[in-house]
Amino acid sequence: MNYLRTAILLAGLTALFMGVGFLIGGQSGAMIALVIAAAMNFVAYWNADSLVLSMHGAHEVDARGAPDLYRIVGELTARAGLPMPRVFLMDNPQPNAFATGRNPQHAAVAVTTGLLQMLSEDEIAGVIAHELAHIKNHDTLTMTITATIAGAISMLAQFGLFFGGNRDSNNGMGIIGTLAMVILAPIAAMLVQMAISRTREYGADEMGARISGRPLALAAALARIDNAAHQIENPDAEQHPATSHLFIINPLSGARMDNLFATHPATENRIAALREIAARMGQRGQDAAPQARPSGPWGNARRGPWG
């Protein structure tokens with residue numbers, strides 16, 4: 001079913017890509033867009049994860065380069081019954097994380113340096129478990145391909161500003177129609193992202209809470225990350241807003257128009273759902289509001305029951 005949804009999504013985004021091409025260049029523009037879209041679909045399926053990781057300056061780490069992070073990923077991966085994903089680190093002060101890859105056998109988990117510096121180990125484990133849930137649910141293929149193609153649609157729309165309004169058009173577009181297209185095409189791409197990501201986040205929160213066994217630690221992590229994301233800019237995410245739905249919390253600052261098309265459920269609603277899960281698991285007495293991080297380097301922070 002996940003592959004069917006991905007095929008439908010690819011077809012829809014390809015049609016949107018062709019529509020933008022038609023508005024810019026008529027029939028010839030639509031045909032060129034179709035060829036480009038076909039090539040992009042092929043590249044996106046096989047290499048979208050590498051493209052996204054490159055966009056965010058992620059570099060791969062191993063047990064020697066990041067022993068504590070690698071240990072947590074490995075132990076939670078075993079609990080989730082998944083193959084060990086590749087582990088990446090992004091040199092970024094904003095705490096955040098995402099997962100990518102076309103399937104569990106070709107998956108990757110990427111976290112920022114800010115996440116390791118600002119969260120306790122229990123909270124980091126909750127975030128990693130959430131990302132592993134996306135991998136286990138096969139969400140990463142659809143989400144990564146959408147990021148790649150939606151970003152391309154936005155770029156193609158921008159070309160309309162340079163080419164669409166300065167040509168003798170046979171389709172009656174003119175400068176007004178071109179400007180409308182430049183505005184509406186990125187909005188359409190963002191709406192697609194909204195449709196595929198909101199429910200997935202709730203599902204990943206629930207499964208991640210069960211993988212880690214600490215739903216309230218994940219809730220606390222979400223609160224802390226959300227608070228920091230409003231104060232610490234993520235330049236790579238601002239430069240590539242079409243990838244924002246990949247992250248556990250929306251990484252955009254709100255200074256750009258792109259942030260109007262939020263791809264995540266309200267954090268307070270996610271925290272409330274996690275508290276309900278904790279209650280069903282018989283866990284009480286731990287607040288999900290951000291608290292002071294344990295003192296000392298992250299590698300010496302308290303370890304959870306998986307350690």
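Couple of notes before you dig in:
- Residues that are over 11 Å from Thr77 (Cβ atoms) and part of a helix (DSSP H, G or I), drawn from segment 121-139: Glu121, Asp122, Glu123, Ile124, Ala125, Gly126, Val127, His130, Ala133, His134, Asp139
- Scanning segment 203-223 for residues that are of a type in the set (A, V, I, L, M, F, W, C) and either crowded, with 24+ Cβ neighbours inside 10 Å or within 22 Å of Gly74 (Cβ to Cβ) (or both) turns up Ala204, Met207, Ala209, Ile211, Leu216, Ala217, Leu218, Ala219, Ala220, Ala221, Leu222.
- Of the set (1) without any contact (Cβ under 8 Å) to a residue 60 or more places away in the chain; (2) surrounded by fewer than 23 Cβ atoms within 10 Å (Cβ to Cβ), all apply to Leu51 but (1).
- Contact annotation: residue pairs with Cβ atoms under 9 Å, 6 or more positions apart or on different chains, pairing a residue in segment 221-242 that is farther than 24 Å from Thr146 by Cα with a partner that is of a type in the set (D, E, K, R) and not in a loop (DSSP other than H, G, I, E, B), are Ala221/Asp122; Ala221/Glu123; Ala223/Glu268; Arg224/Glu123.
Rule-based calculations on the coordinates, nothing more; no lab input. Everything numeric in this text was worked out from a predicted model, so none of it was measured. Virtual Cβ from ideal backbone geometry, glycine too; neighbours counted across all protein chains shown.
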